[in-house]
Amino acid sequence: MAIEVKRELEEKFQELKTVIDRYKNMEGPLMPIMHKAQEIFGYLPLEVQNFIAEELDIPLTDVYGVATFYSHFTLQPQGKYTINICLGTACYVKGAQKVLDKLKEELKINEGETTPDGKFTIDATRCLGACGLAPVMMINGEVYGRLVPDDVPKILKRYMND
C-alpha cells in the first residue's frame, strides 16, 4: 500500500515536471503551472510549491504569494464535495450567515476546513453570480438558492451516502 502511494506521488511529480517544462520558457508561466499543479494534486501543499519554485528558479515566496492571494488555489486537501457559500452583499443581507452557521453545525467544521472523512469542504466566497437567488450555495457546481437554514440538512443528505 505504501509503495503504491509513493509511486502515485512520484507519477504526479513527473506529470507536473512535464507541465513545467512545457510552460517554463513562456511569458508568465507561474499561473498556468499552478493551475495544472492543483489539478494534478488536488491542492498545493508546500512540497508542490517548493518543487515549482525550484524548477522555475524563483523564490518559494513568489509561489506561496500567488497561492495565498488567489482564492482559486487551496493549500489544504479538499473534500469530495466543495460547498461554496456566498457571503456577498445580496446573499449576506438575505441570511447567508445563518445558512453558513447551519452548515458548520451540521458538518462540525469551519470555513476552509474539510470533514475528517474527506467528504465535505466549506468555502465562503464573495459572489457566485446568482444574486437573484440569494442566499446561494454551490456544491461541486450545483447551485442551491433562496436558502434558509432548515434547507441545509436536506441538501447535505443527498451527498452523505455517496
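Here are the numbers for this structure:
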{"item": "Residue pairs meeting the criteria (Cβ under 9 Å; at least 6 apart or on separate chains; first among the acidic types (D, E), in the range 75-103; second crowded, with 16+ Cβ neighbours inside 10 Å)", "result": "D101/P149"}
{"item": "Candidate set from the range 18-41 (those that are exposed (fewer than 13 other Cβ atoms within 10 Å of the Cβ) and in a helix (DSSP H, G or I)); member that is farthest from the chain's Cα centre (by Cα)", "result": "D21"}
{"item": "Odd one out for L44 among (1) in contact with a Ser or Thr (Cβ under 8 Å, 6 or more places away or on another chain); (2) surrounded by fewer than 17 Cβ atoms within 10 Å (Cβ to Cβ)", "result": "(2)"}
{"item": "Enumeration of residues in the range 101-147 that are in contact with an Asp or Glu (Cβ under 8 Å, 6 or more places away or on another chain) and open to solvent by 50 Å² or more (accessible area, probe 1.4 Å)", "result": "K104, E111"}
{"item": "Subset of the range 83-99 [farther than 22 Å from D162 by Cβ, hydrophobic (A, V, I, L, M, F, W, C) and either assigned to a helix (DSSP H, G or I) or within 14 Å of the chain's Cα centre (by Cα) (or both)]", "result": "A90, C91, V93, A96"}
{"item": "Conditions (1) modelled with pLDDT of 95 or more; (2) in a helix (DSSP H, G or I); (3) within 22 Å of the chain's Cα centre (by Cα); number of the one not met by T68", "result": "(1)"}
{"item": "Set C131, C127: member being of a type in the set (A, V, I, L, M, F, W, C) and within 17 Å of the chain's Cα centre (by Cα)", "result": "C127"}
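The rows are residues; the columns are (1) polar (S, T, N, Q); (2) part of a loop (DSSP other than H, G, I, E, B).
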| site | (1), (2) |
| --- | --- |
| G118 | no, yes |
| T121 | yes, no |
| A124 | no, no |
| C127 | no, yes |
| R146 | no, yes |
| P149 | no, yes |
| I155 | no, no |
| D162 | no, yes |
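The values are calculated or read from the model by the stated rules, or taken from the named source; none is laboratory data. Model, not experiment: these values are computed from the prediction. When we count neighbours, we look across all protein chains shown, and the Cβ atoms used for this are built from the backbone with ideal geometry, even at glycine. For accessibility, only protein heavy atoms count, side chains too; no ligands or nucleic acids. Shrake-Rupley method; radii C 1.70, N 1.55, O 1.52, S 1.80 Å.
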